[in-house]
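Just below is one structure, and these are the notes that go with it.
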Amino acid sequence: MRLRPDQLQQNLSQGLLPLYIVSGDESLLVQECCDAIRLNCRKQGFSREVLHVETGFDWSELLASAAAMSLFSERKLIELRMPTGKPGDAGGKALTEYAANASPDNVLLIICNKLEGSSTRTKWYKNVEAAGASIQCWPIDAKQLPRWISNRLNSVGLKADNEAIQMLAERVEGNLLAAVQEIEKLRLYTNADVIDADTITAAVADNARYDVFGLVDRALEGDIKGSLRMLQGLKAEGTEPPVLLWALSRELRTLCQCAEQIEQGNGIDRVLQNQRVWDKRKAVTRNALQRLRSKQLQQLIKIANHIDQSVKGMRKDNSWDLLEQLVATMAGAKLATLTQGKTTSASD
């Protein structure tokens, strides 16, 4: 059978299946599904054995493990870690044989990275799926993330209003592990019945990673000295340039899209609504749009791309110097021009 990750717990409550294959590139969901299966096995007294499928792996080990009794238990969880999801001919035959003779005294848990469509159409995969369950863990996209966050909050006894959920979704932007960590922090931080955006802002105020967003807002407010001081503080705390560049670039792209729409004659209120700028940030966004036009923002995006190349070693420029230029210009300093290895003022 095929199960979604959110269906696994209910299925496990009805009893363990002899085979599971968990795959996907969303590591948190893969980990949680595997942990749920392991926990149920442990509660029922299963011992555990781990097999790693690497070059030269002897597939007879799988069948031998299934046949051998554990010294500690009559029941065994065999964890087969096969990252590629490609067992080859020998592995396919072994898995097909295992599925055909699966013992109720054992559970085989196969763990893979994201599987290609061709892999899920193979004979061995279909046999494993027919004898047990397949769980594919797809990434949570931007549209699904608010609902996922809401369900996750509910699972730990928390509720949040829509603005708070949207705020958290934007700040973690698809990083489910970061979302789980922040939800746990909220659980410890607040006793409020319903979490709002102010609660989230206060809860993450002392988290250096989220000071990145404070830096963005300070630049949008036009505070050149304050934003540069915050940039230096983040540097001193060990924040890496790619993290800063990600937040700044994302904001610049949003501002550029807003500016282009405004210059086409659209009202700013409608533009901000279309770009899904949440209420708490409309004031700083308006401030920036009064100072920066689409052509300037396009130049800043080019600088951001330049920084990305320097971070990756494709240019010899100092990434931190360029970040200072980018932040200062966003905050209202005169736009500078770039030359290989140095930055000069546009008026030089």
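The values are calculated or read from the model by the stated rules, or taken from the named source; none is laboratory data. Since this is a predicted model, take the numbers as computed values, not measurements. Counting neighbours? That spans all protein chains shown, and the Cβs are built from the backbone with ideal geometry, glycine included. Areas reflect the complete protein model, heavy atoms only, side chains present, ligands, DNA and RNA absent. Shrake-Rupley method; radii C 1.70, N 1.55, O 1.52, S 1.80 Å.
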Name every residue in segment 158-171 that is without any contact (Cβ under 8 Å) to a residue 24 or more places away in the chain and under 21 Å from Pro5 (Cβ atoms), in order of residue number. Ile165
Filtering helices (runs of 4 or more DSSP H) wholly in segment 210-310 for at least 3 residues that are of a type outside the set (Phe, Trp, Tyr) and over 30 Å from Asn162 (Cβ atoms) gives 224-236, 241-263
Would you call Asp269 acidic (Asp, Glu) and open to solvent by less than 40 Å² (accessible area, probe 1.4 Å)? no
Quick check: anything in segment 180-189 more than 28 Å from Val30 (Cβ to Cβ) and among the acidic types (Asp, Glu)? no
Restricting attention to segment 9-27, the residues that are more than 14 Å from Ile111 (Cβ to Cβ) and either hydrophobic (A, V, I, L, M, F, W, C) or outside any helix (DSSP H, G or I) (or both) number exactly 6
Have a look at Leu297, Leu323 and point out the one that is surrounded by 15 or more Cβ atoms within 10 Å (Cβ to Cβ), within 18 Å of Phe213 (Cβ to Cβ) and at pLDDT 90 or above. Leu323
Would you list the helices (runs of 4 or more DSSP H) that sit entirely within segment 118-209 and hold 3 or more residues that are open to solvent by less than 60 Å² (accessible area, probe 1.4 Å), among the aliphatic types (A, V, I, L, M) and over 30 Å from Ala102 (Cβ atoms)? 145-155, 162-172, 176-189, 197-203
